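A short write-up of the structure that comes next.
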Amino acid sequence: MKINSKNAAKAGFSLVEMLVVIAVIGIIAAIAVPNIGRINDSAKDATYRRNAQNLASVFASAQAAGHDFSNGGKRKEKAIIQQMITGATINDADSPFNGTYFGVPGLDATDAVSETDGAAKYLQFDAASQQLLYTGGQ
């Protein structure tokens, strides 16, 4: 059996072809890696915004039910967030919400109260109206 040398030489990839493929893969990786970091940061920011919205909503619900997380004073966002993570149960026999729990127990307290990386940077306590407001990062 005779082997044709022309077919044997064309059977594989040349070194130049392999180097071109590796260079293209390297360029694609160089473009993709920084974007992956930005995607992770964007996902964390979306989580903080969602947590801030949940905290503001629970605060408003508890306030409507008769609970005062702010204790009537000029409380900062961090103290109110800590209280809401712990939660509160309405203990008023005359209230239709008697026994109802208000809180956000699943949040990590250290992440939630961080003003740089957390839900607190999207919240503002308005002492005049005694409301915890979601600012949306404005």
3J(HN,Hα) from dihedral phi, segment 89-97, Karplus parametrisation 6.51/-1.76/1.60, rounded to Hz, x for glycine, proline: 10, 6, 10, 10, 4, 7, 7, x, 9
Other-chain or far-sequence residues with amide H under 5 Å of Leu133's (modelled H): Gln124, Phe125, Asp126
Whole-Hz ³J(HN,Hα) from phi, Karplus 6.51 cos²θ - 1.76 cosθ + 1.60, for segment 50-55, glycine and proline x: 5, 4, 5, 5, 4, 4
Stokes-Einstein translational diffusion, segment 13-134 - Kirkwood Rh over all Cα pairs, 0.692 mPa s, 37 °C, in µm²/s: 192
Phi-based couplings in Hz for segment 121-135 (Karplus 6.51, -1.76, 1.60; Gly and Pro marked x): 6, 10, 10, 9, 8, 9, 5, 5, 9, 6, 10, 9, 9, 7, 8
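No lab work stands behind these numbers, since they all come straight from the coordinates. None of the values given here were measured: they were computed from a predicted structure.
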